[in-house]
1. Angle check, please: helix 483-497 long axis (alpha carbons) against the longest principal axis of the chain (alpha carbons), in degrees 0 to 90, nearest 10.
2. Distance from the Cα centre of segment 164-210 to that of segment 33-51, in angstrom?
3. How many Å³ per residue does the convex hull of the Cα positions in segment 546-631 occupy?
4. Using all alpha carbons of the chain, what is the percent of pairwise distances in each 10 Å bin, ordered from the shortest bin to the longest?
5. In nm, what is the difference between 0.36 nm times the number of residues separating residue 519 and residue 677 and their Cα-Cα distance?
6. Of the cross-linked pairs 640/707; 438/709; 438/615; 438/707; 438/717, which ones have a Cα-Cα span greater than 26 Å in the structure shown?
7. Give, as a single signed number, the net charge of other residues whose beta carbon lies under 13 Å from the beta carbon of residue 310, with Lys and Arg counted +1 and Asp and Glu -1.
8. Based on the Cβ-Cβ distance from residue 95 to residue 138, what FRET efficiency comes out when R0 is 22 Å, to the nearest 0.05?
Amino acid sequence: MRDALILPVCLLLLAGCSGNERHRTERTPIRIDELAITVLGGTRSYMQSDREGAFLTGVVGGGDDGERWSVGGLEVLKGVHVECSGGVLSGDRLDSARILPFETTRYYRGGISVGVSGLEAAGGADVHGFILRVALQHPGKVVLHALPGAGSAEPGPGRLWAWKLARGGTVVVTAGNDCSVTQDGVSLDEAAKATFLVCLLPPGSDRSIASLLYGRADSLLAARRTRMENLLNESYFNTSDDTLDCATHWMMLALDALMVAGRDTFAVSGVPWDGSIDVRDNAQSIAGLGLATGDFPRTAAILRSLSRYQDTLRRSASYGRLPDRIVNGRPSYGGADVTPWFVRELYEQAVNTDDTTLLRALYPLIKKSIEGTLKTHVDRFNLLVHGPRETWMNGVARGNRAAEIQVSWYFQQLIGRFVASFLGDSAASRRWENLPEKTAENFTLLFVDTAAHTLADHLEADGTRSADIRPNAVMCLEMVDEEAMRHGVVRAAVAGLLSPAGVRTLSPSDPRYAGSPGAPGWEYNGPVWTWLAGPLSYALTRYDRQDVSYTLTRGMAALALGSGMAGTLPELFDPSPAGERASLTGMSEFVRSVYQDYFGVRIDMAAGTFVLQPKLPAPLSVVQFTAYAGSFPIEVEFRKTRENTRMHFNAPALPKEMRVNLLWVMDNGDAWRGSFRLRGGAPVAIVLGDDDAVLYEGESRGDFEGKRKLKGFSLRKEASDLSPAP
């Protein structure tokens, strides 16, 4: 009898099922002040936004120390300079600075500080503004000098200094009722503290709005700070790697800042912004934007806005296409990959949210896009034919059939066929019945070299395979059937393209490789593009080589915190940061990769499933995050110890149960597979050990359906050659 009691007790100990382990660790609220980046010497830049098209950027330290302000792509302000007691504050007088997502504060010798903060919801349509707050150790005269980017200055009524913009609107500067108007700004006498407001008023506005806005400045600043902090806590993200956490929090807020709401809703592709809409970058970034903020209504609005620019003229050569860029409301249709990207991300949006209304509304776009491509842009193999510079690498010629475009075209047809069937368009479904398979079969025939285990980057017009070693082949793994081929593609990318800074656009062994800028198209012939780390991380985690990909991810996180524009990723390296700062695609792929490649999150609200296949790098022994199934948060926690792994799930507001399909690969290469039902308000805990996997619902033992241990499941050993060259 005694021996019979010992056995179940030992099993419980092996599984690690103590009462405390059935409950998640209490979440520590995220405080936005903890994201502060301190500058001690050198220079850093920053970006703030009101999410309505106004961008405040500045440089801290150095000769360019100061602010620039643009609205709708127009540079409204070239600079702002503060003068205290007869001397202009500049970078050479700077002691230190503190950069936060909502405020940048400079500390100068002599006990002077200057803080600059953007405003949100500043006071109605087309009203924008920011605040400068100056503090002095001893009272003295404080002057704000403004350098208009355009227009002509004029005195304002009362205590206002203003200038009119050529395209309409008035910029107003004030420091309240005690200020005096100067030749190029406003001043205060004998002030220990001073608050300056700079605002842009729409044409025909009463300038007294500026005084009202000045009076509301403190409450608006507090509301902006609170909104940002709430976003971080509602899209909770916390791990055992502080650098990853801080960088991800910064990028979540930076992606939120790049969104612009107006007649069109879209995300700015980077700063400085010229006022145009980069449709390709928006289409590529939908998944990352949704995962970063859980704001699926906003990503749905982006999809609806972009859809309005589809070419619907049947006689047009670009019929069915979305533009690659929109400038002043005028679209240009120079990107063959934009519409396939859009259709794929539209489908992902619908799957994440079960938004069938959006799918129905935009199905005509899907239908036109497929019909237009079939009419004028396919060959006899049903491969998508395009111009030599119509891919994302538009600075170099890549034949007329790029590899990654064929994969996107395949999924565009697959999605179109499924949606047509789902919505009852049986005629279209029948017309497209065999088309995706035809594309896939001919892709294998024409692009794949099974002997060399390589994949052509593109085909020339005469059908010749390109031998270029570029990152695009890594985006085509879903179209490759043989595992040896997939392995070969990833191995070639890692060996030829992976550098400590990221993924190159061309192998250094290629004679066209450009190590520095200058030649036409140089940015696609060698420099690292930050967004390319995402596809490679996906490929490496498939082989359980997150040890390789996380080195790259961690390096990018350190870069965002340690150099360049605070808390953001640049567009590319050459090898130093270059291109646009606060890159939409770079940051959205960073966030997407962390959630999908490392945390393994895939949500299908339409099917009621939550697929979770984590591939946690060794430094991430603790992970807490919130994923969104539509508008409903799912709180997840992983904790790895030497003895076991503990998981906790809670979805307090989930309206109907979801099936969670779990695959967990252990350090020894074995894996646990199983599923369970997650219900609103019914937390689930799982303890995974070498010998057992136990599930609890609340305090009771639950049903771990289809539980199975998979011996030797991991491909890590077979993929030992997936390491960068020393």
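1. Helix 483-497 and the main axis of the chain meet at about 30 degrees.
2. 25
3. On the way: hull volume 10.4 nm³, N = 86.
Roughly 121 Å³ of hull volume per residue.
4. Distribution as computed: 3, 13, 22, 24, 19, 12, 6, 1, 0, 0 percent.
5. Numbers: separation 158, 0.36 × 158 = 56.88 nm, distance 5.72 nm.
So the chain would gain 51.2 nm between residue 519 and residue 677.
6. On the way: 640/707 20 Å; 438/709 37 Å; 438/615 34 Å; 438/707 38 Å; 438/717 35 Å.
Flagged as over cut-off: 438/709; 438/615; 438/707; 438/717.
7. On the way: positive: 304, 308, 314, 321, 367, 368; negative: 311, 324, 371.
Surrounding charge for residue 310 is +3.
8. Values: r = 17 Å, r/R0 = 0.76.
Rounded to the nearest 0.05, the efficiency is 0.85.
Where a number appears in this text, it was derived from the coordinates with a stated rule and is not lab data. Small disclaimer: the values here were computed from a predicted structure and weren't measured. Cβ: placed from backbone, ideal geometry, glycine included. Neighbour counts: every protein chain shown.
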